[in-house]
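S.K.: Submitted below is the structure of interest, expressed as structure tokens.
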Amino acid sequence: MQAIIVLFGVTLVVFLLFQFVPNGPVGLARTDLGSRATPFQIHNFIVANGLNLPWYAQYWHLLDGYLHLNFGYSYHRNQTVRALIFEYLPRSLILLSMSTVLALVVAIPLGIFQTVRRNKPSDYVLSSLAFIFYAMPSFVLGNLLILYLAVDHQIFAPAVPQSEGLVQMLTDFHDMTLPVVTLAAITVAAFSRYMRSSMMDAFAQDFVRTARAKGAGRARVLFRHALRNALIPIITLLGLSLPTMVGGAVITETVFNFPGMGLLTTQAALNYDVYVVIGTTIVATVATVAGSLLADILYAVADPRIRYAR
Amino acid sequence: MRGEEQRIEEQRLMERELVEAGDDRGDLQADAVVEAGGGLLQPRLPSGDGTGSPLFPGGEAPATHGPEGGEATSAGGIGTLMLRVFLENKLAVLGVALVVTMLLFCFVGPFLYHTNQITINLNLITQAPSSAHPLGTDPNGFDVLGRLMYAGQTSLEVGLAAAMMATMLGVFWGAIAGFFGGVADAVMMRFVDVMLSIPALFLLIVLAVLFHPNKISLMFIIAALAWLTPARLVRGETLTLRTREYVQAVRVMGGKSRRMVARHIIPNAIGTIVVNATFQVADAILFLAALGYLGVGIQYPQADWGSMLSDGSNYVDAGYWWLIIPAGLCIVIVVVAFNFIGDALRDSLEVRLQQR
């Protein structure tokens with residue numbers, strides 16, 4: 001229910017944004033068609049996008065379009081926005097899922113390690129590293145990685161494979177490494193800190209004491225009892241960090257020239273291709289909301305203590 | 001001991017005939033005076049070191065400080081204590097030192113280190129660091145060290161201004177939603193939920209495309225997204241604060257809603273607000289840098305650290321590290337510094353929770 005309200009609200013926000021464009025419909029047309037558009041072209045643009053209708057009809061036009069996955073037309077690429085999104089979205093999803101998996105694979109052991117060695121030098125070193133990575137935007141990290149690993153030492157490629165096919169892209173680990181690592185690194189910092197505190201909380205619980213009292217070994221207490229419970233909040237964190245990840249993906253894609261939604265959005269923004277930018281924003285929002293919803297559901301599945309009121 | 005403290009407190013209040021922000025009874029007195037005196041506002045007493053009163057007007061601050069708080073018998077004492085906790089935190093001092101250094105570097109630096117940031121010099125493009133140009137030159141022949149100062153002014157100005165605007169809007173939005181509750185709360189907070197669920201960077205790009213970016217418009221654009229977090233936080237605080245006795249007492253005495261929000265609820269939530277504002281500065285600088293990097297932020301000939309990095313990344317294949325590392329380092333330093341300060345402020349504002 002919440003998700004539906006949010007999605008409805010997003011369309012309203014987008015609609016309001018359109019209303020505030022400087023110079024109204026003509027301004028929007030000029031933004032999209034360029035400053036040398038003829039009055040005839042501008043008139044066509046306004047009629048085609050329903051900008052001459054009264055506001056309620058305009059909003060209906062917008063809603064109706066989005067429900068039919070009709071996000072408008074890109075005058076710069078001479079393609080519908082829908083076709084563009086279908087082309088670019090899968091690649092972004094691959095980048096996002098690969099780096100999320102990598103982030104979890106690195107962050108969870110790191111968090112466990114820090115809990116076991118808490119308040120020892122290695123914990124402090126890892127915590128300060130997390131602080132620095134947390135503050136390092138992906139465009140800084142990405143460029144540093146390119147500078148040292150791609151240009152100075154030529155271990156990895158500075159850009160991702162530009163092939164059309166997804167399979168080729170997936171199998172080319174050599175070239176995909178840097179973007180995936182960059183995107184993962186910004187979340188590893190947050191994940192490992194969260195994992196650390198989550199493990200600490202789990203260790204303070206009664207059932208861990210009970211397990212110890214029963215004579216369970218260190219490893220058994222750690223992995224069977226503490227870890228299983230500490231992992232549950234990570235699901236929520238995954239849902240919560242989705243907007244950050246999606247935003248990070250935009251920048252990472254630009255850094256490595258990765259032909260995904262982020263690069264599509266940035267290039268459209270630089271070309272003032274308004275309908276593409278708004279179309280990708282809507283899709284990214286829907287994906288984020290869906291992800292958060294999924295995280296909520298998984299949370300209830302993983303933890304039987306959680307029950308959502310009917 | 002507690003009674004003794006309370007008595008001292010009362011005596012001090014009477015002697016000064018001024019109202020301490022840190023005492024609920026004091027606030028009530030102030031209201032009584034104000035209602036009687038036809039809206040004449042009592043000046044808030046600035047405490048000893050200037051940090052006490054504005055930062056810690058919590059209703060339970062001095063009077064109910066508890067037995068272990070013998071050292072803090074007045075708001076000034078609390079302020080000193082807070083300052084001490086803050087200064088004991090080495091990272092916080094480091095953070096303040098870094099921020100001050102960066103401010104001096106960006107705003108005083110250009111007076112000491114004169115560079116040409118106006119005319120393009122094609123004889124000087126992308127030169128490696130040398131004695132004449134300690135950090136080399138960029139693709140337009142500008143000195144990179146001087147450019148860092150110039151760009152840093154933009155980054156810091158936009159960061160600070162956007163954080164300030166975002167905090168103010170967020171505080172009022174959150175306080176009003178939390179205070180009035182009901183339908184107003186539901187509508188206002190649903191709006192915040194909606195805005196928060198749109199990935200911020202996408203919305204920033206949309207805004208930056210629709211409203212052509214410059215220094216001033218970027219301040220507003222970044223603030224227009226950043227106010228959501230403080231709004232949520234302040235609403236949460238308000239929900240607990242509005243049920244406190246001193247707020248109810250104002251209502252009983254016929255105080256107006258505006259007064260309850262502006263003079264009692266917001267000042268009591270100030271700790272949360274200040275801590276969040278510190279993080280907001282870091283976030284705003286990051287957002288500006290991200291927009292600059294994507295090319296939809298500050299436009300040439302103006303510059304910020306993000307757009308410098310963006311220019312530099314065109315030459316990354318040539319290995320021109322001086323176009324990338326200095327600007328990247330500046331961003332990371334400032335953001336880490338503000339994060340340190342925010343963490344330390346959070347610790348020192350929760351001074352009464354500490355075992356001291």
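S.K.: Run lengths n ≥ 4 of DSSP H only: what is the helix-derived mean residue ellipticity at 222 nm for chain A, with -39500 (n - 2.57) per run over all residues, to the nearest 500?
M.R.: Dividing the helical sum by the residues of chain A leaves -23000 deg cm²/dmol.
S.K.: Hey, can you grab everything whose amide H is under 5 Å from the amide H of A:Gln79? Only 5+ residues off in sequence or another chain; H modelled, so Pro and N-termini drop out.
M.R.: Distant-sequence amide H within range of A:Gln79: A:Ser74.
S.K.: If you fit an axis through the alpha-carbon atoms of helix A:242-255 and take the longest principal axis of the Cα set of chain A, what angle between them do you get, 0 to 90°, nearest 10?
M.R.: Once rounded, one gets 70 degrees.
S.K.: Another question about this same structure. Counting partner chain Cβ atoms within 10 Å of every residue's Cβ in A:127-139, what's the average?
M.R.: Details: counts 0, 2, 0, 0, 5, 5, 1, 5, 12, 7, 12, 2, 13.
The per-residue average across the peptide is 5.
S.K.: Using only the alpha-carbon atoms, how far is helix A:261-270 inclined from the longest principal axis of chain A? Give it as 0 to 90 degrees, nearest 10.
M.R.: 40 degrees
S.K.: Quick one: compute a quarter of the convex hull surface over the Cα atoms of region B:78-354 and quote it in nm². Don't skip to the end; give the middle numbers.
M.R.: Values: hull surface 70.6 nm².
Value for region B:78-354: 17.7 nm².
S.K.: Can you tell me the order of A:259-268, B:142-151 when each peptide is scored by its average per-residue count of other Cβ atoms within 10 angstrom, highest first?
M.R.: Result, highest mean first: A:259-268, B:142-151.
S.K.: So, one more: Under 21 Å from the Cα of A:Lys120, which lysines turn up, not counting those fewer than eight places away in the same chain?
M.R.: B:Lys90
S.K.: Could you go through region B:323-333 in sequence order and give the Karplus-derived ³J(HN,Hα) for each residue, using 6.51 cos²θ - 1.76 cosθ + 1.60 with θ = phi - 60°, rounded to whole Hz, and x for Gly and Pro?
M.R.: 8, 10, 5, x, 5, x, 4, 4, 4, 4, 4
S.K.: Then there's this: Compute for chains A and B the buried accessible surface, both sides summed, probe 1.4 Å, and express it in Å² to the nearest 100.
M.R.: Counting both chains, the buried surface is close to 3800 Å².
S.K.: Need one value: the accessible area of B:Lys215 in square angstrom, 1.4 angstrom probe, rounded to the nearest 10.
M.R.: Counting only protein heavy atoms, B:Lys215 exposes about 50 Å² to solvent.
S.K.: Can you quote the Å³ per residue value for the convex hull of the Cα atoms in region A:1-97, rounded to an integer?
M.R.: 131 Å³
S.K.: Protein chains only, probe 1.4 Å: how do B:Met260, A:Met136 rank by accessible area, largest first?
M.R.: A:Met136, B:Met260
S.K.: Taking the mean number of other Cβ atoms within 10 Å as a proxy for protection, how do you rank A:68-74, A:144-150, B:119-125 from highest to lowest?
M.R.: Taking the mean over residues of other Cβ atoms within 10 Å, the ranking is A:144-150, A:68-74, B:119-125.
S.K.: Now for a different question. Tell me the angle of helix A:39-48 to the major Cα principal axis of chain A, expressed in degrees between 0 and 90 and rounded to the nearest ten.
M.R.: 50 degrees
The values are calculated or read from the model by the stated rules, or taken from the named source; none is laboratory data. Just so it is clear, the structure is predicted and the values come from calculations on it, not from any experiment. Note that we place each Cβ from the backbone using ideal geometry, even for glycine, and neighbour counts take in every protein chain shown. These accessible areas exclude ligands, DNA and RNA; they are computed on the full protein's heavy atoms, side chains included. Shrake-Rupley method; radii C 1.70, N 1.55, O 1.52, S 1.80 Å.
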